[in-house]
Amino acid sequence: MVIGIPTEIKPDERRVALTPAGAAAFAHHGHRVIVQSGAGAGSGFSDRDYRAAGARIAESAAAVWSGAAMILKVKEPQPAEYRYLRPDLILFTYLHLAADRRLTRELTRRRVSALGYETVQLEDGSLPLLAPMSEVAGRLAVQVGGWCLQAQNGGDGVLLSGAPGVRPGKVTIIGGGIAGLNACRVAAGVGAEVTILDVHPPRLRYLSDILGGQAITVMSNRATLEEEVRAADLVIGAVLVPGARAPRLISARTVAKMKRGAALVDLSIDQGGVSETSRPTTHRRPIYIRGGVVHYCVTNMPGVVPHTSTYALTNATLSYALEIADHGLLDAGARNRALRHGLNVHDGKIAHPAVAESLRMKAASPWN
Ligand SMILES: NC(=O)c1ccc[n+]([C@@H]2O[C@H](COP(=O)([O-])OP(=O)(O)OC[C@H]3O[C@@H](n4cnc5c(N)ncnc54)[C@H](O)[C@@H]3O)[C@@H](O)[C@H]2O)c1
């Protein structure tokens, strides 16, 4: 199979979908890789590195898209890329379709076979291709949240670690999954006072066990959530209902009751956001203030730490992409149930039930 790696064009996205070592793995399996010139530059890989790994370099995005049977990307196709979508194409990337009707329409209309990294799911319910980016984004959330709290950004001027003789900042994390736990580790590590909320009792038990005294675990419901959000300097939204739009857990009224200059880092923005007041932002203009609260809602946070993120992402995606290349999409899905969950659009129809439900459409899987 011919695999194409275009340069990411989402604003300030510097990750790339495949490392040179990944390209070498495809070559070893008898496949061909076309990489757009400069695609790896933001992550520290030159065209020469890819050539040495057996890949061919193409000058234009059009040459990569048209020459490949499967496109590996990081972020969802941007409007300028829609024209490359075609019926026989396999697209494997983050999609987040539940929050994106326009892209869903393009993918169905153009009959692309589109797999979303974020819905590939193992038997135990875990999401192996979302996990590495959630780990990075969760850790980064505390770093950017601390920056939002700085006075020049409109923040309340609290240093999360506090200082000798001065109380630390209070961090409330909503959703104790992968991103939430990673945010919790970093926040507790700098000395902040951390509360983590979740709705899943076994998860709360697990968090309580492994975090020991580092954080307080709280069952999430309307009352506890409001109380913890209002008391926080920094709120981190990290909930996920796989494939579905994020539940809107924080109302505009609650935001108005938060501390003036508090910060909300809404990681769940890629699934629509946990707050009524959240709207997507970019790395170029990452924050805005609403109700006196500094909002940070960047949908591709790991893109600013491309070196770490590209390695973390490709470590996880490579084996799945190789399986598709080796066996073709339908056979790979028949062999690998986790990959089957990854299929979001096929043959003009929505293939993932939660995505279909979020968009009030019908799901139809090629494996049923
Ligand atoms: N913005 C970014 O750049 C970026 C990067 C990576 C991940 N993310 C997003 O971060 C979010 C979290 O991802 P994850 O991998 O940690 O997911 P996860 O599945 O590991 O964890 C989600 C947690 O949310 C909990 N939850 C569900 N409903 C809840 C509710 N009503 N109240 C409290 N908790 C609730 C679940 O029990 C689960 O523990 C996702 O939306 C993901 O797409 C964003």
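The values are calculated or read from the model by the stated rules, or taken from the named source; none is laboratory data. What you see is a predicted model, and the numbers here were worked out from it, not measured in a lab. For neighbour counting, all protein chains shown are included, and Cβ atoms are generated from backbone atoms with ideal geometry for every residue, glycine included.
Things worth noting here:
- Complete set of residues in the stretch 283-300 that are within 22 Å of L95 (Cβ to Cβ) and at pLDDT below 95: H283, T299, N300
- Entry remark, the stretch 44-81: residues being in a loop (DSSP other than H, G, I, E, B) and hydroxyl-bearing (S, T, Y) number 2 in total.
- At least 1 residues being of a type in the set (D, E, K, R) and buried (at least 17 other Cβ atoms within 10 Å of the Cβ) is the threshold, and among the strands (runs of 3 or more DSSP E) wholly inside the stretch 221-315 those reaching it are 263-266.
- Options D100, D88; residue that is in the same structural domain as M70 (by TED's automatic domain parsing), closer than 19 Å to E323 by Cα and at pLDDT below 95: D88
- G180 meets the conditions (1) within 9 Å of the ligand (Cβ to nearest atom); (2) at pLDDT below 95 in every case but one. The failed one is (2).
- Across the stretch 330-342, the qualifying residues are those that are of a type in the set (A, V, I, L, M) and closer than 16 Å to A364 by Cα, and the one among them that is surrounded by the most Cβ atoms within 10 Å (Cβ to Cβ) is L339.
- Against the list (1) within 12 Å of the ligand (Cβ to nearest atom); (2) surrounded by 24 or more Cβ atoms within 10 Å (Cβ to Cβ), the condition V194 fails is (1).
- Only a single item in (1) assigned to a loop (DSSP other than H, G, I, E, B); (2) within 16 Å of the ligand (Cβ to nearest atom) is not met by A137, and it is number (1).
- The residue pairs whose first member lies in the stretch 172-190 and is within 12 Å of G145 (Cα to Cα), whose second member is among the polar types (S, T, N, Q), and whose beta carbons are closer than 8 Å, counting only pairs six or more residues apart or on different chains, are T172/T195; I173/T195; V186/Q143.
- Test set (1) touching a residue at least 40 places away in the same chain (Cβ under 8 Å); (2) more than 10 Å from the ligand (Cβ to nearest atom); (3) closer than 21 Å to L159 by Cα - Y288 fails condition number: (1)
- Filter result for A80 (closer than 25 Å to A17 by Cβ, over 20 Å from the mean Cα position of the chain (by Cα), small (G, A, S) and more than 16 Å from the ligand (Cβ to nearest atom)): yes
- Restricted to the stretch 222-258, and to residues there that are more than 29 Å from L95 (Cα to Cα) and polar (S, T, N, Q), the residue that is nearest to the ligand (Cβ to nearest atom) is T224.
- Answer residue from the stretch 159-171, given it is free of Cβ contacts under 8 Å to residues at least 24 places away in the same chain and either on the phi < 0 side of the Ramachandran plot or within 17 Å of the chain's Cα centre (by Cα) (or both) and is surrounded by the fewest Cβ atoms within 10 Å (Cβ to Cβ) among those: P164
- Tally, over the stretch 156-174, of residues that are assigned to a strand (DSSP E or B) and either closer than 13 Å to V142 by Cα or not small (G, A, S) (or both): 6
- Members of the stretch 318-368 that are of a type in the set (K, R), in contact (Cβ under 8 Å) with a residue 40 or more places away in the chain and over 29 Å from F26 (Cα atoms): K349
- Some residue of the stretch 103-111 being surrounded by 17 or more Cβ atoms within 10 Å (Cβ to Cβ) and within 16 Å of the ligand (Cβ to nearest atom): yes
- Filtered by the rule that a residue be crowded, with 17+ Cβ neighbours inside 10 Å and over 22 Å from V35 (Cβ atoms), the stretch 72-99 gives H96, L97, A98, A99.
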